[in-house]
Amino acid sequence: MVRQDTWCIKQDGETVKWPKNFKLWEFLKSDVAARKGIDNTPDDHSIVENLKHTAWILQELRNEISRFKNKDTPMTVSSGFRCKKLNQAIKGAKNSDHMKGLAADVKVIGVKPADFYKFIKERPYLHDRISKVILEFDSWVHISIAEESTKTQFLIAKKVRKWGRLVTVYESDT
Ligand SMILES: [Zn+2]
């Protein structure tokens, strides 16, 4: 596991802070990687920069829902970065934003995933740097981050049975 502080130093030597409530390790940890002996350390500094960018957007969402609920409302990252091997192991999409460090699957403590999804959807002022919000199987919310201003896609992922197999379908919800 890489040390947070060594990865916080920019190439030009300037120290870049992570937001208050998110740490790099939260975006790298993975039960599947641990179980399969996969080293899920980013091999490129730009991925760490992207993760930090993602963390700042999540911090904004966390602040906003805390303000709304009038109490500190933590958010957990169940999946952040995925190296190629890990992405294959979990059968992720071939060009998944998780592989670039520009996505996170999150849960908010004490808030149903469907309600958190709706919370984001109803607040366009939060959408600026978010390219995709997916309510996945009613269990967590996937958030993809854009490097520039973008239109946000809202999707609902479900498992449906097709020819006797369970497949994932994404319904547009915009
Ligand atoms: Zn995801």
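Of Pro19, Pro124, Pro74, which is the most mobile in a GNM of the chain whose springs link Cα atoms less than 10 angstrom apart?
Result for the chain, Cα springs under 10 Å: Pro124 fluctuates most.
Sort Thr54, Thr41 by Cβ crowding within 10 Å, fewest neighbours at the top.
Thr41, Thr54
Tell me, in nm to one decimal, what length is gained between Gln59 and Glu147 on full extension, where the rule is 0.36 nm per residue of separation less the Cα-Cα distance? Working shown, then result.
Details: separation 88, 0.36 × 88 = 31.68 nm, distance 1.62 nm.
This chain segment gains 30.1 nm when fully extended.
Over 10 Å intervals from 0, what percent of Cα-Cα pairs in the chain sits in each interval?
Values per bin, smallest distances first: 10, 37, 36, 15, 2, 0.
Between the alpha-carbon centers of the range 73-96 and the range 142-174, tell me the distance in whole angstrom.
Computed from Cα coordinates, the inter-centre distance equals 15 Å.
Please order Ser144, Ser46 by the number of other Cβ within 10 Å, starting at the fewest.
Details: Ser144 22, Ser46 10.
Final ranking by Cβ density, sparse to dense: Ser46, Ser144.
Provide the percentage of antiparallel DSSP beta bridges, counting only those with both residues in the range 6-172; round to the nearest 5.
Numbers: 24 of 29 bridges.
Around 85 percent antiparallel, to the nearest 5.
Ranked by Cβ crowding within 10 angstrom, fewest neighbours first, how are Trp18, Trp163 ordered?
Numbers: Trp18 18, Trp163 5.
If I rank by nearby Cβ atoms, fewest first, I get Trp163, Trp18.
Defining a contact as two alpha carbons under 8 Å apart and six or more residues distant in sequence, what relative contact order in percent does the chain show? Provide the component values of the computation, followed by the final result.
Details: 280 pairs, mean separation 26.7, N = 174.
Worked out over the chain, it gives 15 percent.
Computed from the coordinates by the stated procedures, all read-outs in this text should not be read as laboratory data. For clarity, every value in this text was computed on a predicted model and none was experimentally measured. Using ideal geometry, Cβ is built from the backbone for each residue, glycine included, and neighbour counts are taken over all protein chains shown.
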